[in-house]
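*Asks:* Encoded as C-alpha cells, here's the structure I'll be asking about.
The values are calculated or read from the model by the stated rules, or taken from the named source; none is laboratory data. For clarity, every value in this text was computed on a predicted model and none was experimentally measured. Using ideal geometry, Cβ is built from the backbone for each residue, glycine included, and neighbour counts are taken over all protein chains shown.
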Amino acid sequence: MTQRFLGRSDVAVPPLIFGGNVFGWTVDEAMSFRLLDALVEAGYTAIDTADVYSAWVPGHQGGESEAVIGRWLASRKGRDRLTIATKVGMKMGSGGQGLASGWIRQSVEGSLRRLGTDYIDLYYAHRDDPAVPLAETLSTFQELIREGKVRTIGGSNYTAPRFQEALETSERLGLPRYECLQPLYNLMDRAVFEDDLAPLCRKAGVGVAPYFALASGFLTGKYREGTSLEGHARAERVRSYLNDRGWKVLAALDAVAGRVRATPGQVALAWLMAQPVVSAPIASATSPEQLADLLAAARVTLDAGDIEELSAASA
C-alpha cells in the first residue's frame with residue numbers, strides 16, 4: 001500500500017489495526033492474551049488503545065486496556081516488532097481530561113507505566129480541546145518526541161476546520177504535526193469524513209485509521225429486523241442503523257459477499273481498505289473466531305463494480 005503511515009511513506013501499512021477497547025471490558029485478560037497471541041502469529045502487529053479505555057464501566061478508572069496490553073507485553077516480549085497507538089484527552093475516572101500541557105505530561109507517564117514500555121509509537125489527541133491553544137498541545141508533543149517517549153502524533157475526532165488549523169499551526173511554528181487522523185468512518189457513517197476530512201487528509205498526505213470500521217458490529221450482518229439488542233455494549237449506536245438505509249446496506253453486503261465468497265463483515269472491511277485515503281481500518285474482536293474473520297478481510301478482493309454497489313447502497 002502506498003498511503004503514509006506513522007508520518008512516513010516508507011513504512012509498510014498494516015492491512016488492519018486491532019482495536020484494544022475490548023480488553024478489560026467485554027474481553028477478560030485470558031481471552032485478551034489469546035487474541036493478541038493470535039494476532040501476532042498471523043503477522044499483524046498494530047494495536048490501538050487509549051488511556052480512557054474503559055472508564056465508562058462501573059468501577060473502572062481508565063487504563064484497563066493499556067494495563068492488559070502491558071501485562072501481555074511483559075510476558076511475551078517483542079515490543080520492537082509491534083506498533084502501539086494510544087490516546088490522551090478523554091475524561092478519565094479521576095475527572096482529568098483535555099490537552100493542556102500538564103495533563104498530557106501526567107497522562108503519558110501513566111500510559112507508559114501501564115503499557116510497560118519506554119515509548120509510544122503513535123500518540124493521539126483523542127479529541128480536540130478548544131480551551132487549550134493548539135500551540136501548547138503541539139509543543140508538549142514535541143517535547144515528548146524529543147525525549148523519546150513518543151514517536152509520532154495523531155488526532156482523533158477533530159472537525160476539518162480544527163484539524164486544518166492544527167496542521168497550519170505545526171507548519172507555522174515548526175512543530176510536529178498530526179501524521180494520522182482517526183475518524184469515525186464506515187459504510188454507515190460516511191458523510192462527515194468524506195465531505196470535509198477526506199479531502200484535507202488527501203491534500204496534506206495524512207494517514208487515516210478509521211474507528212468503528214464495522215459500525216459496532218452492524219456491518220457483520222448479525223443485527224437484522226427483529227434482532228434484540230438487549231445487553232449490547234453499544235445498543236444505542238446500533239439502533240440508529242436499524243432503518244431502510246441499513247437494510248439496503250446489509251442487502252448489498254450479502255450480495256457482494258456471496259459473489260466473492262466472504263462474510264459481510266469481511267466485505268465491509270475490504271470496502272474501507274479500498275478507499276484511497278484510508279491507511280488501515282481499526283476493528284475489534286472478542287473471540288478467536290471473530291479475529292480470524294477480521295484478518296481474512298485482507299484477502300478479499302473487490303472489483304470496481306462491487307465497490308460501486310456498496311457505495312451506492314450506503315450513499
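*Asks:* Can you find a residue that is more than 25 Å from residue 295 (Cβ to Cβ), buried (at least 20 other Cβ atoms within 10 Å of the Cβ) and within 17 Å of the chain's Cα centre (by Cα) anywhere in the range 69-84?
*Replies:* no
*Asks:* Give the residues of the range 121-171 that are small (Gly, Ala, Ser) and either in a helix (DSSP H, G or I) or without any contact (Cβ under 8 Å) to a residue 60 or more places away in the chain (or both), sorted by residue number.
*Replies:* Initially, the range 121-171 is screened for residues small (Gly, Ala, Ser), giving 125, 131, 135, 139, 148, 154-156, 160, 166, 170.
125, 131, 135, 139, 148, 155, 160, 166, 170 - these are the residues of the range 121-171 that are small (Gly, Ala, Ser) and either in a helix (DSSP H, G or I) or without any contact (Cβ under 8 Å) to a residue 60 or more places away in the chain (or both).
*Asks:* Would you please name the residue that is farthest from residue 153 (Cα to Cα), looking only at residues in the range 59-88 that are in contact with a strand residue (DSSP E or B) (Cβ under 8 Å, 6 or more places away or on another chain) and of a type in the set (S, T, N, Q)?
*Replies:* Kept after step one, since they are in contact with a strand residue (DSSP E or B) (Cβ under 8 Å, 6 or more places away or on another chain), are these residues of the range 59-88: 64-66, 68-69, 82-88.
Within this subset, residues satisfying the condition of being of a type in the set (S, T, N, Q) are 65, 83, 86.
Values: 65: 20, 83: 13, 86: 10 Å.
Looking at residues that are in contact with a strand residue (DSSP E or B) (Cβ under 8 Å, 6 or more places away or on another chain) and of a type in the set (S, T, N, Q), I get 65.
*Asks:* Would a scan of the range 172-185 turn up a residue that is more than 29 Å from residue 223 (Cα to Cα), at pLDDT 95 or above and in a helix (DSSP H, G or I)?
*Replies:* Among the residues of the range 172-185, at least one is more than 29 Å from residue 223 (Cα to Cα), at pLDDT 95 or above and in a helix (DSSP H, G or I), which makes the answer yes.
*Asks:* In the range 154-162, is there at least one residue being more than 16 Å from residue 99 (Cβ to Cβ), in contact with a strand residue (DSSP E or B) (Cβ under 6 Å, 6 or more places away or on another chain) and at pLDDT 95 or above?
*Replies:* We begin by selecting, within the range 154-162, every residue more than 16 Å from residue 99 (Cβ to Cβ); these are 160-161.
Going one step further and asking which of them are in contact with a strand residue (DSSP E or B) (Cβ under 6 Å, 6 or more places away or on another chain), we end up with none.
No, because not a single residue in the range 154-162 is more than 16 Å from residue 99 (Cβ to Cβ), in contact with a strand residue (DSSP E or B) (Cβ under 6 Å, 6 or more places away or on another chain) and at pLDDT 95 or above.
*Asks:* Testing residue 246 on (1) over 23 Å from residue 181 (Cα atoms); (2) in contact with a Phe, Trp or Tyr (Cβ under 9 Å, 6 or more places away or on another chain); (3) assigned to a loop (DSSP other than H, G, I, E, B), one condition comes back false. Which one is that?
*Replies:* Result: residue 246 fails condition (3) only.
*Asks:* Would you confirm whether any residue within the range 13-29 is surrounded by fewer than 16 Cβ atoms within 10 Å (Cβ to Cβ), in contact (Cβ under 8 Å) with a residue 24 or more places away in the chain and part of a helix (DSSP H, G or I)?
*Replies:* Checked the range 13-29: at least one residue is surrounded by fewer than 16 Cβ atoms within 10 Å (Cβ to Cβ), in contact (Cβ under 8 Å) with a residue 24 or more places away in the chain and part of a helix (DSSP H, G or I).
*Asks:* Of everything in the range 118-151, what is surrounded by fewer than 21 Cβ atoms within 10 Å (Cβ to Cβ) and among the hydroxyl-bearing types (Ser, Thr, Tyr)? Give them in sequence order.
*Replies:* 119, 139 - these are the residues of the range 118-151 that are surrounded by fewer than 21 Cβ atoms within 10 Å (Cβ to Cβ) and among the hydroxyl-bearing types (Ser, Thr, Tyr).
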